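Presented below is the structure to which this report refers.
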Amino acid sequence: MIEIRQIKNKEEWEKFLSKQKFCPMTQSTKYGVFYEQMNEESFILGLYENENLVFGSLILSIHARRGNFLFLPYGPIGEQKKEYIELFFTELKKIAEQKKYSFLRISPFIENTKENREVYENFGFKLAPIHILAETTWLLDLENSEEDTLKQMNKNHRNLIKRCEKEGVKIEITNNIEELKDFNNLHDFTAKKHNFTRFSNDYIKKEFQNFLPNEVLLFKAFLPDGKLDAAAVIYFYKNMAAYRHGASLNLNNKIPSSYLLQWTAIKEAKKRGIKYYNFWGIAPDNAKDNHPFKGITHFKKGFGGFKLDLLPCHDLMISKKYFINLIIEKIRAKKRGF
């Protein structure tokens, strides 16, 4: 017997996520609370087979001038069976229609295979004109020893880490939310340099505070002269650490502090027994030169690991208002170049 219902018990959902191969922090109940603080709604819809939770997703409302929609951030989660997908989205579509949303948007943390694409497209999903979360990711398996992890790195990365240590680069780790001010100053510079639109200070602060005290840390790298040179917000959620936000000045090219900062974060994740370190987005293989992740892709790949091409963002139209969103986002996608 299969039943679909909203999950009110947060511990039940968190326990289900703990059993998955990948546990993106964007599917946690804490991420839902964060969006509620951004004046949106969140709820969790689960599919049960013989009273066992086997499939589901955290679902967020997104209200924008171009149209209102429901978004599944790196969801749905669970075995991607055709039957599950059809039943789950038939129910979610009813909810969206009742609440007057224009469309559904999914961005599952599953591999971009022909089979996965077809099961969603056969239900009616179409490729979205724009994406919200990274779709080409770089992951590092942390089950190897520190020594082996270093060996698998690009030789230049190993040398730069050792140079930073030798020259006296200092890494500070904190969960003090007030120190995000330093990060935000660096983030402004980085966004301008790499030509991307950054998250607002309020967004980063509220996201950060909902994973306190144990699942998020701010890493700051200081040059030998005491100047802050790089910073990163890293999430440590279940079996996956995520390099969610990063910023750097690169004040001294001979001592690139970001390398030691990342190595310190990787070691922290290993110490916690986490299986994967998620470097978040990289540029796809066929990316144009103006892709904002083009410059940082070599940096991330050099630490070792593997690429995971995720199923691209897909939309399911609920009402004809969706066409307004479609036109606007196609224009935006063309302007930003990816």
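List of remarks:
- Shape call, region 50-142: gyration tensor on alpha carbons, a/c limit 1.5: oblate
- For a label point 7 Å along the Cα-to-beta-carbon line of residue 328, residues of region 102-130 with backbone N under 18 Å: 102-106, 128-130
- Whether region 137-309 is rounded, prolate or oblate, judged on the alpha carbon gyration tensor where a/c under 1.5 counts as rounded: rounded
- Globularity ratio of region 205-254, using Cα Rg and 2.2 N^0.38 Å: 1.33
- Using alpha-carbon coordinates, inclination of helix 155-167 to the longest axis of the chain, degrees: 60 degrees
- Helical content of the chain, expressed as a calculated mean residue ellipticity at 222 nm, amounts to -11500 deg cm²/dmol (DSSP H runs of 4 or more residues, -39,500 (n - 2.57) each, divided by residue number, nearest 500).
- Within a straight-line Cα-Cα reach of under 17 Å, residue 30 can be paired with the following lysines, leaving aside sequence neighbours fewer than 8 residues apart in one chain: 8, 10, 15, 205, 206, 238.
- Residue by residue, region 278-289 carries 3J(HN,Hα) couplings of 9, 6, 6, x, 10, 6, x, 4, 9, 5, 6, 5 Hz when phi is fed to the Karplus relation 6.51 cos²θ - 1.76 cosθ + 1.60 (θ = phi - 60°); x denotes Gly or Pro.
- Fraction of antiparallel bridges per DSSP, region 23-148 only, in percent to nearest 5: 70 percent
- Shape category assigned to the chain from the gyration tensor of Cα positions, a/c cut at 1.5: prolate
- Rounded FRET efficiency, nearest 0.05, which uses the C-beta distance separating residue 166 from residue 132 and R0 of 51 Å: 0.80
- The packing ranking, built from the mean of other Cβ atoms within 10 Å per residue, places the peptides 143-150, 200-207 in the order 200-207, 143-150, highest first.
- All aspartates and glutamates inside 13 Å of residue 271 as judged from Cα atoms, apart from same-chain residues fewer than 8 positions distant: 143, 146
- Nearest 10 degrees, 0 to 90: helix 82-98 Cα axis against the chain principal axis: 80 degrees
- Anchor residue 126: aspartates and glutamates whose Cα lies under 20 Å away (excluding residues fewer than 8 positions away in-chain): 83, 86, 91, 97, 111, 115, 118, 135, 309, 315, 329
The numbers here are math on the coordinates, done by the rules we state, and not lab data. On a predicted model such as this, the values are computed, not experimentally measured, just so you know. When we count neighbours, we look across all protein chains shown, and the Cβ atoms used for this are built from the backbone with ideal geometry, even at glycine.
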